[in-house]
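Trainee: This is the structure I have questions about; it appears just below.
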Amino acid sequence: VFKIEVLVSGRKHFVEKRYSEFHALHKKLKKFIRTPEIPSKHVRNWVPKVLEQRRQGLELYLQTVILENEELPKIFLDFLNVRHVPTLPKAESCGSFDETESEESSKLSHQPVLLFLRDPYVLPKAN
């Protein structure tokens, strides 16, 4: 299970989804929009490094769908449990990737719209 943090109009909520739900979303989205690649359905082993790569791939997948589509399909919004979409243009409703930004990076008009918290499968290292 992957825990997704979703930020919409300054309000944050969390959604938990299994990989199979991401895969089902991908199959549905392909009918309406051009979609990015989704991480492989099959994972050879369940070691933390492999799971972290899958987590990063799913995060990139969701962010790419958001950034590359002016209007997001209802299927996608339902997947993230987003009930109300702000009417602001994307550039006005977003900031930048980094909180500690330089003058140059402050001109960026995007930020991670969602992200995963620490992977629940990765155990903290023992002291």
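Trainee: I'm trying to understand the selection: among the residues of the range 43-87, which are touching a residue at least 60 places away in the same chain (Cβ under 8 Å), β-branched (Val, Ile, Thr) and open to solvent by less than 70 Å² (accessible area, probe 1.4 Å)?
Mentor: Matches in the range 43-87: Val82 only.
Trainee: Collect the residues in the range 1-20 that are of a type in the set (D, E, K, R) and either assigned to a strand (DSSP E or B) or touching an Asp or Glu at 6+ places or on another chain (Cβ under 6 Å) (or both), keeping them in residue-number order.
Mentor: Listed by number, the residues that qualify are Lys3, Glu5, Arg11, Lys12, Glu16, Lys17.
The values are calculated or read from the model by the stated rules, or taken from the named source; none is laboratory data. None of these values were measured; they are calculated from a predicted model. So basically every Cβ, Gly included, is an ideal-geometry build from the backbone, and we count neighbours across all protein chains shown. In case anyone asks, the SASA skips ligands and DNA or RNA and just uses the protein heavy atoms, side chains included. Shrake-Rupley method; radii C 1.70, N 1.55, O 1.52, S 1.80 Å.
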